[in-house]
Amino acid sequence: MLDMAAKALETLLEWVVIALMVILTAVVIVAVLFRLAGDSFSWYDEVASILLAWITYYGAALAALKRKHIGFDGALLAIPMPQRRYAAYVAEAVTIGFFALLGWMGLEVILVLGDMGLTSLPWVPVWFTQSVIPIGAVLFIVCSLLSFPGYLALISRGVSMEAVEIEHEIAEAEKQFGLAPHDGAAQDKKRD
Amino acid sequence: MEMLLLLVVTVLLICLNVPIAVALAVAGVAGILTFEGTNQLFDVALDMYGGATKFSLIAIPMFVLAGAIMNAGGVTDRLIAFVSALIGFVRGGLAMVNIGVSLFFAEISGSAVADVAALGSVLIPQMKKKGYKAPFAAAVTSSSASLAIIIPPSIPMILYATSSNTSVEQLFVAGFVPGLLGAAGLMGVAYMFARRYNLPTEEAFNTRRLRETFVDALPAFSLPVIILGGIFGGYVTATEAAGLAVLAAFAVGLWYRDIDFRHLHRAMLDGGMQTAVVMVLVAASVLMGGFLTRAQIPQDMAAAILEITDNKWVILFILNIFFLIVGCFLHSAAAIILVIPIVIPLVNAAGIDPIHFGLVVTLNLAIGQQTPPVASVLITACSVANARIWDVTKVNVYFVAVLLGVLLICTYVPAVPMFLVEYFYR
C-alpha cells in the first residue's frame, strides 16, 4: 500500500518536474532568440525566476522521495546499532519539523500578500506563484515519510546512500552504452 | 557566541545525515529564534522563496539539461574516436584519450560524477582489456573528471558567482587556462606511468583518419563554440549561453539520430532533480545568510583575522588549507554555498580579487573530489574499475599532486588564471 502510494506520487512529481523544465527551457530559448533579434520580453526575468522556484520545490519533494538530497552519512554509519536507528529518527523529525514550519510560514505570507499581482504581469496573483512554498513543504513531508522505511532499512544494514547513488548512475550509463554490468566496488563504503 | 551556536547546530545535524540544506536552514531558524524572536519567523518563508528565484542560477538547469541531452546522444563514441585519432599514438594512448575526452565533457556536462559514470563505463573496461592496471585506469578517469569543475561551464562557478556577487562570465574565462594546464600535467603523469609499465599505443597517427573522425564529431563541437565563443566574445550572458546550449544539444541529438523520447525524459528529469537539490541549498543559505548579515558575523570574523595578518598571500594560504579540508567532507556545491558568504567579506577586505579567489576555491574543491571520506568522483571510478579505494589512491596521489601544483601556481601567480580576464573584460 505504502509502495503503491510512493510510486503514484513519484510518477506525478516526475511529470510535474518535466513539464516545468520544458516550459522553463522554452521560455529561456525563446527569450534569448528574441533578445538577439533586438526585442526583449519585459516579463522574462520574473516568469523564469518563478519557474525556477517551482522546479526547486517540486523537484526537492521528488528528491526527498528518492533520498537524493546532499548529505553526509559517514558519521551516522559509524554509530553502532541500535543507536544509529534512534539518530535517524531524530534527523527525520528535524527535517519534517523544519518543513512543517516552512509550510506554516508560507501560508501566513500568502494570507498577508492577499491579491497583490506580479510586477511585470499584474493579472497573475502573487499568492499563486508563492503557493509553491506551502504546497512544496507538505509534499516534502509526505515524500520523506514515504521513503523513510526504505532508508531506515538501508542504514540499519550499514549501506551508504552515496554508494547506492553511485551504483545507480553507473548502471544507467552501462544501460545507455549497452555495456555488460561491472562487478562494483562502491560497497567499500558499506559498513557494519 | 552566535557563530558558535550556528556552527554546533549545523555540524551536529550534518553528522546525523540531515540534508545539508535542512541543516543550514534549521541553524538559521535557531539563530532567529534565539537572538531575534518569533516575529522574524516570516523570514523563513520569504528567504526560502527569494533564494530559489535567483535569476542568474537559471543557467544551472540549462547547462545540466544540455549535458544530459548530449550524454544521451551518441557524442561519447565519436569524441573517443576523434581524440584517439589525435593523441592515441602516444604511449599509454587510452589514458591520454581518457584525459582528452574529459576536457570536452567538462565543456558539456558540468557534473564530474556524471562524467565519470558515462566516460568510465566506456573507457575503463577497454583500458583493463589492454593491460592497464585497474587502479591506474580508475585514477586517470577520476582525476581527469575533476577538470569538469575547473573548465567552463561549471556549476560550482555559477554558485560561487551568485554567492559572492561576482561575474560568472569572468569566472568562466578565468577557468580556461588552469583547466588546460591541469590537463597537460595529468597527461605528463600518465605518460610517466605508461613508460614505466610499458603500456601500448593505440594506433599510428593518420591524417585521413583524424579528418574523418573530426568531421564526424564536428556537430558536437558546436557546444563549446556556443558556450565559450558566445561568452568570451561578449555576445551572450552565461544564462543565455546555457539556453542556446540546450538548443544546440537537442539539434546535435537529432543530427546523430541518437535521441529519443526515453532519453529526453531522463534528461529533463535529471536536469530538474539536480537543479532542485542545489537550489534548496541556495535557498537555505539565503535564510542563514540573512541572519549572519544582520548579526554582522562575517564582518566581525574578517576584522578578527585581519588583526592577525593583513597580508593577502598569507590569507590565501590559510583559505587554501581551509578549503582543502572542507573539500574532504562536503560536496562542492554545499561547500561553496555554506562557506563563501562567510569568507567573502574577508576576501574583499584583504584586497583579493574575488574572481581570482573564485578560481582558487573551485580548484580546491576539485581536489576535494579526490579525497575521502566524501569523494564521489573517486568512488565512482573505483566502482567502475572494480578497484579498492586505497589501491587507487596510491596511484592517484601523483595526479592529485599535479592538481595541487596547478592550485599553487594559480594562487601565487594570479596572471595565469587572470590574464584572459584582463584581456577580455578590464
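The values are calculated or read from the model by the stated rules, or taken from the named source; none is laboratory data. Not measured: the values here are computed from a predicted model. Neighbour counts run over all protein chains shown; Cβ positions are idealised from the backbone, glycine included. What goes into the accessible areas is simple: the full protein's heavy atoms, side chains included, and nothing from ligands, DNA or RNA. Shrake-Rupley method; radii C 1.70, N 1.55, O 1.52, S 1.80 Å.
Summary of values
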| read-out | value |
| --- | --- |
| C-alpha long axis of helix B:75-87 to longest principal axis of chain B, angle in ° | 70 degrees |
| Given charges at beta-carbon only (K, R positive; D, E negative), |dipole| of the protein assembly as shown in Debye | 1780 debye |
| Ellipticity estimate at 222 nm from DSSP helix runs (n ≥ 4, -39,500 (n - 2.57)) divided over chain B, nearest 500 | -24500 deg cm²/dmol |
| Heavy-atom accessible area ranking, 1.4 Å probe, most first, across A:K175, A:K68 | A:K175, A:K68 |
| Dipole of chain A, positive end: most advanced residue of A:G158, A:L102, A:P82 [Cβ charges, Cα centre] | A:P82 |
| Rounded accessible area of B:K128 (nearest 10 Å², 1.4 Å probe) | 80 Å² |
| Lys, Arg +1 and Asp, Glu -1 on Cβ, resulting dipole of chain A about Cα centre, debye, nearest 20 | 420 debye |
| Buried solvent-accessible surface, both chains (A, B), 1.4 Å probe, Å² to nearest 100 | 6600 Å² |
| Estimated FRET transfer efficiency when R0 is 35 angstrom, pair B:E212-B:M192 (beta carbons, to 0.05) | 0.65 |
| Cα gyration tensor category, rounded, prolate or oblate, for chain B with a/c compared to 1.5 | prolate |
| Unit charges on C-beta of K, R, D, E only; dipole of the range A:1-99, Debye | 400 debye |
| FRET efficiency, 1/(1 + (r/R0)^6) with R0 60 Å, evaluated for B:F89 and A:R157 via beta carbons | 0.75 |
| Within-13-Å neighbourhood charge of A:V109 [Cβ basis; K, R +1; D, E -1] | -3 |
| Helix B:93-108 axis, angle to chain B major axis (alpha carbon atoms, nearest 10°) | 50 degrees |
| Per-pair calculated FRET efficiency, R0 = 51 Å: A:K7 and B:R426 via Cβ, rounded to 0.05 | 0.40 |
| Heavy-atom surface of the protein assembly as shown, accessible at 1.4 Å and reported per residue (Å²) | 38 Å² |
| Hits among aspartates and glutamates - C-alpha to C-alpha of B:K394 under 17 Å, sequence gap 8 or more where chains match | A:D188 |
| Dipole of the range B:221-294, positive direction: furthest Cα of B:T239, B:T275, B:Y256, with charges on the beta-carbon | B:T275 |
| Span from the the range B:268-325 Cα centroid across to the the range A:1-66 one, whole angstrom | 28 Å |
| Label-point separation, B:F205 to B:K130 (7 Å along Cα→Cβ), nm | 1.7 nm |
| Long-range lysine pairs (8 or more apart or interchain), chain A, Cα under 18 Å | 4 |
| Within chain A, helix-based [θ] at 222 nm, where runs of 4 or more DSSP H residues each add -39,500 (n - 2.57), nearest 500 | -25000 deg cm²/dmol |
| Sequence of B:F357, A:F41 when ordered by accessible area, the most exposed leading, probe 1.4 angstrom | A:F41, B:F357 |
| Alpha-carbon centroids, the range B:25-43 and the range A:151-173: separation in whole Å | 35 Å |
| Anchor B:K54: aspartates and glutamates whose Cα lies under 20 Å away (excluding residues fewer than 8 positions away in-chain) | A:D45, A:E46, B:D43, B:E169, B:E240 |
| Accessible area in the full protein assembly, largest first, 1.4 Å probe, for B:T371, A:T56 | B:T371, A:T56 |
| Among B:T411, B:L119, B:V314 the positive-end extreme of the charge dipole of chain B (Cβ point charges) | B:L119 |
| Crossing angle, helix B:59-72 versus chain B [Cα axis fit, 0-90 degrees, rounded to tens] | 20 degrees |
| Environment charge of B:E36, counting only residues whose C-beta is closer than 10 Å and scoring Lys/Arg +1, Asp/Glu -1 | 0 |
| Fraction of accessible area attributable to carbon and sulfur, the protein assembly as shown (%, probe 1.4 Å) | 67 percent |
| A:W123-B:L180 pseudo-label distance in nm [points 7 Å out on the Cα-to-Cβ vector] | 5.3 nm |
